[in-house]
Amino acid sequence: MIFDPTELMRPNIKALTPYSTARDEFSGEGITAWLDANESPFDNGVNRYPDPHQKELKKVVSELFGAPVDTIFIGGAGSDEAIDLLMRIFCIPGKDNIVTIAPTYGVYEVSAAINDIEVRQVPLGEGFSLQIDALVEAADDNTKLTWVCSPNNPTGNAFSIEELCRLAEKIKGMLVIDEAYVDFSTKGSMLPLLERYPNVIVLRTLSKARGMASLRLGMAFAHPSVARAMAMAKYPYNVNGPTQKEVIRRLQATPDIAPDVATLIAERRRLEEKLPQVAGVKKVYPSDANFLLVKFDDPDAVYEMLLRGGALVRNRNRVPGCEGCLRITVGTPEQNELLLKLLEQ
Ligand SMILES: *Cc1c(COP(=O)(O)O)cnc(C)c1O
């Protein structure tokens, strides 16, 4: 039997006729008078609606990430847009549920709550390890999505491709792998395996390693039926024109982010070495990302002290599973020096 993701979608989504924008019907070939969309005719650079399908941008993304165009969804509010869309496409409010690991990225739970979807959290095991059997057991026939963030925020560790494949083979419903930090990891990506696993959806973002958080561009790679459903359910012009242009320009100008990534990984290693020698540091957790989860004797006091010294970190002390911890982003060498200097005082 061939797995068909559409079977898992909400009936109203399966039956949806997408809104057809003025810009859907014509490519613009040979048109000199655009009188179809009630825009201002005076050219100021932003007076025309942008391409609702982001065709040029998808071509660039397709080449750079090695994924067919019909498997790509692009969101103009970051991957948070993809997260919310997936909830709305697959989960019936008040009836369906999602499964997540814990601790993990908070947006899955908030988006589920907004959409009135039950969240079943499965704690990570020893050393923040993936509990495959527990995740499978937590899922039932109403589980439409299981969310695994790898490398995981805030723990920093990535799960092996072998483990994620095993989970994909066993889990009910769709498996979403959030790879926001994958560029910093040596454990690999699920993206090349999408064809083998039609129940897997991979989330990527330009906000982290690619340095474009302000542009708010997120991507989902999925079975064409899922990418199509996301395109139907999104706001028609969800990625604005200047963002489409700017992202194309930047991706083409700097397709290779290896140098920046190498710098940050070297800095992460330096912090991983130095932090354990600092008084009050209990543990530095292994990281496959551009941040470190660090356990302190008195995390709240350290947080306040760093703040007074001009270094802002994320206090995760009250997150279940992260008690005692601060999450510290790897900065420039100078910023990391400041951090170490403040901590050593
Ligand atoms: C930062 C982050 C994202 C990116 O979100 P955007 O909305 O694309 O900026 C996604 N997932 C995780 C786990 C993150 O930490």
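Values as computed for the structure displayed
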{"read-out": "Gain upon complete extension [L307, M232; 0.36 nm per residue less C-alpha separation]", "value": "22.5 nm"}
{"read-out": "Total formal charge among the other residues, if their Cβ is under 13 angstrom from that of M305, Lys/Arg +1 and Asp/Glu -1", "value": "-3"}
{"read-out": "Cα Rg over Rh - the stretch 176-332, Kirkwood", "value": "1.03"}
{"read-out": "Distance in nm between pseudo-label sites at I2 and I161 (7 Å out along the Cβ direction from Cα)", "value": "2.5"}
{"read-out": "Cβ-placed point charges (K, R +1; D, E -1), dipole of the chain about Cα centre in debye, nearest 20", "value": "300"}
{"read-out": "Lone cysteines, the chain (no partner Cβ under 4.7 Å)", "value": "C91, C149, C165"}
{"read-out": "Relative contact order of the chain, defined on C-alpha pairs under 8 angstrom at six or more residues apart (%)", "value": "18"}
{"read-out": "Percent antiparallel among DSSP beta bridges (both partners in the stretch 157-295, rounded to 5)", "value": "60"}
{"read-out": "Pairwise FRET efficiency - Q131 versus E195, Cβ, R0 = 30 Å, nearest 0.05", "value": "0.65"}
{"read-out": "Set of lysines near K341 by C-alpha distance (under 16 Å), chain-local residues within fewer than 8 positions excluded", "value": "K274"}
{"read-out": "The chain shape via C-alpha gyration tensor axes, a/c threshold 1.5", "value": "oblate"}
{"read-out": "Reachable lysines, given that their alpha-carbon falls under 24 Å from the alpha-carbon of K59 and they are not under 8 places away in the same chain", "value": "K208, K234, K245"}
{"read-out": "Efficiency of FRET between Q345 and S214 - r from beta-carbon atoms, R0 35 angstrom, step 0.05", "value": "0.60"}
{"read-out": "A33-I248 FRET efficiency (beta carbon distance; Förster radius 30 Å; 0.05 resolution)", "value": "0.65"}
{"read-out": "Percent of beta bridges antiparallel (DSSP, the chain, rounded to nearest 5)", "value": "45"}
{"read-out": "The stretch 107-161 versus the stretch 196-239: alpha-carbon centroid distance in Å", "value": "19"}
{"read-out": "Accessible area of the chain belonging to carbon and sulfur atoms, whole % at 1.4 Å probe", "value": "52"}
{"read-out": "Distance between modelled label sites at H53 and F26, nm, 7 Å Cα→Cβ extension", "value": "1.6"}
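The values are calculated or read from the model by the stated rules, or taken from the named source; none is laboratory data. None of these values were measured; they are calculated from a predicted model. Don't worry about glycine lacking a Cβ; one is built from the backbone with ideal geometry, like all the others, and counts go over all protein chains shown. Keep in mind that these areas ignore ligands, DNA and RNA; they rest on the heavy atoms of the full protein, side chains included. Shrake-Rupley method; radii C 1.70, N 1.55, O 1.52, S 1.80 Å.
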